[in-house]
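Below is one structure, written out as structure tokens; comments come after it.
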Amino acid sequence: MTDDHEHGHPEDPPTWSELTISSWVLNDRVQKLHASIESNWDPLQRSACQTAAGRALWRHVTNDVLAELLAGETYLRSFYEKIRKDRLNHAREISGVILAVRTLWFDSKLETAVGLLNNEALQIVLLGAGMDTRAYRLNCLTGSHVFEVDFPQVLQMKASLLQEAMKSMDNQQKIAVKAKALISVEADIRGKDWLEKLQYSGFIPEKNTVWILEGLLYYLSDADAIQVLKTIAAHCSLTPTVLLADFMNKPSITLSNPNFQFYSDWPDQLLPSLGFSDVKLSQIGDPDAHFGLLHDPSNMFDKLRSIPRSVEVDPDDGTPCCRLYLVQASGSPSKNTCISP
């Protein structure tokens, strides 16, 4: 990351330009691959491209040069239209700012965790990896084995898009993997065999691990989400472990997306009950979840921070208090040696 990111203050508010689509996105073969996504993927799977589009359009802070390719033209144009309308309406929060803050928060906490778990055999597991590109863009992962777990069709499409872009010599440096190793694990996290498939792919339970659950849990049923968290918590009894995850509260899943299911109003209480320790919770707009991106002094995130978390409806205007919690937790075989990312 750049020095600006590390200090939590990128440049001044961005000057948004007109949308330009790179040639590698407009490549005929890439266009055909993305057309098959539109035809064959369900809304849950397509959300990976929507997220990539957000990272691409906030590239001035996310530094994600591959996101445009992985998003595709349709989602880039759709997301840009939302940003354009927000600018015309002088919105207090530009579309995608939550996604940008979330990306930077996970990046920064991952970098800290890697430093604390300094270990040549460190494992990073991205559950529901989608179109994530951390293995390609974060220098802190040069000594780590990165496992990306997701649906077979998602990981296969991601590989096909990257391979197509690699045919151009100009793109090969952009697509170089920075992680020590990058392993794709084709598995449905809602099933019972994803951990077995992860281990079959080379994951070693006894080695220090950082688990990343970004934009994942709220798509799962309550039972599946709790089971995933319990599985990771059990890993804490074997070796020092860090969990990085985001949680929506009840108003968020009710209003935001029909595909959202699981929520937790108090993840900092839920995780200790499952076996995690040293749980730290942030909300968008907190000092470690701001990154200089919330420029309007009356933005809704600062307002939410001033309203008790137990309150579901804003007492001033009656709007639901939709919150996104960014949570880090840890665990260790010895309760006295819990790590603190």
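Quick note: the coordinates plus some simple rules give every number you see, no bench work behind them. From a predicted model like this one, the values you see are computed outputs, not experimental measurements. All Cβ positions, even for glycine, are placed from backbone atoms using ideal geometry, and neighbour counts span all protein chains on display.
Calculated mean residue ellipticity at 222 nm for the chain: -12000 deg cm²/dmol, from DSSP H runs with n ≥ 4 weighted as -39500 (n - 2.57), summed, divided by the residue count and rounded to 500.
Could you pull out the pairs from Lys82/Lys280; Lys158/Lys250; Lys158/Lys207; Lys178/Lys250; Lys109/Lys158; Lys230/Lys303 whose alpha carbons sit more than 30 Å apart here? Too far apart for the 30 Å limit: Lys82/Lys280; Lys158/Lys250; Lys178/Lys250; Lys230/Lys303. Of the residues Ala329, Ala52, Ala121, the one that moves most in a GNM of the chain with alpha-carbon contacts below 10 Å is Ala121. Its relative contact order, with pairs defined as Cα atoms under 8 Å and 6+ residues apart, puts region 98-337 at 21 percent. With both labels modelled 7 Å from their Cα along Cα-to-Cβ, the Lys174 to Asp316 distance reads 4.3 nm. At q = 0.06, 0.09, 0.15, 0.16 Å⁻¹, work out log10 I(q)/I(0) for the chain with the Debye formula, treating every Cα as an identical point scatterer and leaving solvent out; two decimals please. So the normalised log intensities are -0.20, -0.47, -1.44, -1.64. Mean-square fluctuations from a GNM of the chain, with a 10 angstrom spring cutoff on Cα atoms, peak among His145, His290, His90 at His90. Compared with the rule-of-thumb size 2.2 N^0.38 Å for a compact globular protein, region 224-341 has a Cα radius of gyration ratio of 1.18.
May I ask for the longest run of the chain untouched by GluC sites (Glu not before Pro) that are loop-located per DSSP and have at most 13 neighbouring C-beta atoms (other than their own) within 10 Å?
On the way: sites that count: Glu11, Glu18, Glu120, Glu206.
The longest such stretch corresponds to 207-341.
Amide H contacts of Arg323 (H built 1.01 Å from N, in plane; Pro and chain starts excluded): Asn249, Ser252 sit under 5 Å, all sequence-distant by 5 or more or on other chains. Normalised by the number of residues in region 20-88, the mean separation of alpha-carbon contacts (under 8 Å, six or more apart) gives a relative contact order of 32 percent.
The charge dipole of the chain, taken about its Cα centre with unit charges on the Cβ atoms of Lys, Arg (+1), Asp and Glu (-1) only, comes to about 480 debye.
Here the 3J(HN,Hα) profile of region 63-75, calculated from phi with Karplus coefficients 6.51, -1.76 and 1.60 at θ = phi - 60°, is 6, 9, 6, 8, 4, 4, 4, 6, 6, x, 4, 4, 6 Hz, Gly and Pro shown as x.
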